[in-house]
Amino acid sequence: MLNCLKLTIILTVFLTPLSTKAKENKNVVYKYKKYESIDLGDMQIKGEIVAPGDLTVKERDRRSFSRDLLNRIDFKQESLMDIIELR
Amino acid sequence: MKLIISFVLILFPIIANAKVGQDLIVRKLMKKKMYYSAGLYLIDELRNKRIAQDDRVLKNLETISHKVGLEIYTPMLRGKDIINAPSFYYAKGLFYFQNKSLNLALEMLAKVPSKHGLAAEASIVSAQIHDQKDDSGKALMLLDECHKLAQEQKGQHKTEKVKRFYQLLSDKCRVHKARIFYNDRRLEEARAIYEAIDKRSYIWPHLLIENAWTNYHMGDYNRTLGLAITYKSPLLVDYFYPEAEALMALSYFRLCLWEDSNIVIENFYKHYKKKAANITQIINQTKKKENGFYELVTLSKSELAAIDPFLQKLIIQIRKKIKFNLDLHYLKNLKKEQERIKRFKKWPLPKIPAQLEELRNNYIAELNFLTQAYMVSFINKINSISFELFNIKLEIISRKKDLLYEKQKLISDRSRGNLDNVNRRADQYFWQFHGEFWADELGDYSFGLQSNCEKTKE
């Protein structure tokens, strides 16, 4: 009898949290924020400014492309054709 | 012993008669001027080693190859057997050259004796081989020899056509020399040779463009323009070089006369675009027919003009080449011989008609291939020049943009053309040509334009 009682108490102690948790899970309602605003002006940045504040564009030289224009290096093809056309 | 002697006595007449029989056949055929049949018969006998290469046989072969061309040796060229005849050495040398066995070609060509009619040609082919091997010293030496031999041969012949052939060969040897100088950038020497070629030479119209390029590289853009514009003369209307237009545009560009350059480019597109499209269409239609290009090249001038006037001019240019003239001449004679054989009641050499037909087909196939190659090469040239001109146009736009960015402009408030701008040597001077045949001036034009490349502030 005493053993039965002990077993009952132990089971009650361990199983009761599970049953309450399930009930809790059922009762949880998730709500998402519909609107969130961040005030940037209110943000504080730590550190020192080392560059000037206004925007600059670094000047560079204009690139000019030079094309390989027509150039006759030799007349070897013409010489070869002369031989083929001999006879 | 008696058996051996009697055996020899029985066989000797047969062997002797066989040799006498072959010799008689060849002599009879040559007497009747049936040189193709004689040549094919001899080559067949030599290939099958039924006759030896004695002096008479070799002499007959030389005569035959002179009459019918070197095509007669075609059955022997691929094999290892050599006929000890100079014309065969030359034919074999050419065969090795075309198959890129250059050392074997040189060996064979060196065997042609210097007194032979083909010696000058052997020299020019050997020179070309040495040039391909970048041995320009040896090439130049052989070209000098070629020129000397061609002049000697010209002096030995009385027939006008043969004299003209050797003069043309002599001119070609000099031109090849000029091209080697051009390649080595010895431009003064190259120009001297181009200017020394007689204006009556068949090769002279083709040299204008090469001389123009030489002057271009020497920086004489005015003379380059003068040479390039010579192709617009009515006497040279059958000679068209799209490259001359590109060279004109380039010369104007170098003188910073960009608007003139643009005009040349626009005129090129207007003149050549439609013509090139028509010729391309004709090529595409003709290549579907067997030997279509051969038939095209044998049409009359009026028939060609009816198809396309530009095609007529292109075919005329192709027909002026030596190889075409020679091959058409040999083909005509071959056809005549075939007709004569057909009239025989009983032709004694059964293999000859089939061999003649094969030779005829070879000639036709070669002419067909060469015509197609020239036409396709011409269209490709127009397309590549068109691309180059587009490049020049882009470069002009680029330079104009540069000026805009720099807030500058080219100086243009000057007169066009002045005698002071003509570069001339001590032996060149302004000639009025009053009362002279106007075409004498061809090839000596020079513009007198001043360079427009000076920049000023806008």
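Size descriptors for chain B: radius of gyration and Dmax over Cα atoms are 28.4, 117 Å. Through the Karplus equation 6.51 cos²θ - 1.76 cosθ + 1.60, θ set to phi - 60°, convert the phi angles of region B:219-232 into ³J(HN,Hα) values in whole Hz; use x for Gly and Pro. After applying 6.51 cos²θ - 1.76 cosθ + 1.60, I find x, 8, 6, 5, 6, 4, 5, x, 6, 5, 6, 4, 5, 7 Hz. With neighbours defined as other Cβ atoms within 10 Å of a residue's Cβ, the residues B:230, B:280 order from fewest to most as B:280, B:230. As a length-normalised measure over Cα pairs under 8 Å and 6 or more apart, the relative contact order of chain B settles at 12 percent.
Could you sort the peptides B:245-254, B:97-106, B:140-149, B:423-432 by per-residue average Cβ neighbour count (10 Å cutoff), highest mean leading?
Details: B:245-254: 25.2, B:97-106: 15.3, B:140-149: 20.7, B:423-432: 9.1.
The packing order, highest mean first, is B:245-254, B:140-149, B:97-106, B:423-432.
Per residue of B:378-389, count partner chain C-beta atoms within 10 Å of its C-beta, then hand back the mean as an integer. Show your work: numbers first, answer last.
On the way: counts 0, 0, 0, 0, 0, 0, 1, 1, 0, 1, 5, 2.
If you average over the peptide's residues, the count of other-chain Cβ atoms is 1.
The amide H of residue B:449, built 1.01 Å from its N in the peptide plane, has B:418 as neighbours under 5 Å, considering only residues 5 or more places off or on other chains.
Compared with the dominant Cα axis of chain B, that is its longest principal axis, helix B:322-342 is turned about 30°.
When a/c reaches 1.5 or more, the comparison of a/b and b/c decides; with that in mind, is the protein assembly as shown rounded, prolate or oblate per its Cα gyration tensor?
On the way: a/c = 3.11, a/b = 1.58, b/c = 1.97.
Because a/c hits 1.5 or more and a/b fails to exceed b/c, the protein assembly as shown counts as oblate.
In order along region B:131-140, the Karplus-derived 3J(HN,Hα) couplings, from 6.51 cos²θ - 1.76 cosθ + 1.60 at θ = phi - 60°, round to 5, 5, 8, 6, 9, 5, x, 5, 4, 5 Hz, and Gly and Pro are given as x. Taking a threshold of 22 Å on the Cα-Cα distance, which of the pairs B:320/B:342; B:161/B:321; B:115/B:158 fall above it? The pairs that break the limit, which is 22 Å between Cα atoms, are B:320/B:342.
Rounded, prolate or oblate: pick one for region B:186-303, where a ≥ b ≥ c are the square roots of the eigenvalues of its C-alpha gyration tensor, a/c under 1.5 means rounded, and failing that, prolate if a/b is larger than b/c, else oblate. Note, shape of region B:186-303 comes out oblate.
Neighbouring Cβ atoms from other chains, within 10 Å of the Cβ of residues in B:125-133, number 2 on average. Of the GluC sites (Glu not before Pro) found in region B:397-446, those that fall in a DSSP loop while having at most 10 other beta-carbon atoms within 10 Å are B:436. Under the shape rule built on the C-alpha gyration tensor, where the axes satisfy a ≥ b ≥ c, region B:62-129 is oblate, since a/c reaches at least 1.5 while a/b does not exceed b/c. Among the chymotrypsin sites (Phe, Trp or Tyr not before Pro) in region B:318-396, those located in a DSSP loop and surrounded by at most 13 other Cβ atoms within 10 Å of their own Cβ are B:344. Per-residue Karplus couplings for region B:256-270, computed as 6.51 cos²θ - 1.76 cosθ + 1.60 with θ equal to phi - 60°, are listed in order as 6, 9, 5, 5, 4, 4, 4, 5, 4, 5, 4, 5, 4, 4, 5 Hz, Gly and Pro entered as x.
In terms of surrounding Cβ atoms within a 10 Å radius of their Cβ, B:322, B:209 rank from fewest to most as B:322, B:209. Around residue B:220, what is the net charge, scoring Lys/Arg as +1 and Asp/Glu as -1 over all other residues with Cβ under 12 Å from its Cβ? Charge balance in the 12 Å sphere: +4.
Around the amide H of residue B:241, modelled in the peptide plane, lies no amide H under 5 Å away from a residue 5 or more places distant or on another chain.
Ranked by the mean number of other Cβ atoms within 10 Å of their residues, highest first, the peptides A:63-70, B:297-304 fall in the order B:297-304, A:63-70.
At 222 nm, what helix-only mean residue ellipticity would chain B give, in deg cm²/dmol to the nearest 500, using -39500 (n - 2.57) for each DSSP H run of four or more?
Values: 19 runs with 316 residues, N = 458.
Result for chain B, helices only: -23000 deg cm²/dmol.
Could you please rank B:449, B:410, placing first whichever residue has the fewest other Cβ atoms within 10 Å of its Cβ? Don't skip to the answer; put the middle values down first.
Working: B:449 20, B:410 16.
With the fewest neighbours first, B:449, B:410 line up as B:410, B:449.
Take the alpha carbon atoms of region B:66-114, find their center, do the same for region B:361-375, and report the distance between the two centers in whole angstrom. That distance is 21 Å.
Among the residues of A:61-71, the average count of other protein chain beta-carbon atoms within 10 Å of the residue beta-carbon is 5.
Tilt of helix B:160-183 relative to the longest C-alpha principal axis of chain B, in degrees (0 to 90, nearest 10)? The helix B:160-183 is inclined about 50 degrees to chain B.
None of the figures in this text is laboratory data; all of them are computed from the coordinates on show. Nothing here was measured: the structure is a model prediction, and the numbers come from that model. Every residue, glycine as well, gets a Cβ built from its backbone with ideal geometry; the counts of neighbours run over all protein chains shown.
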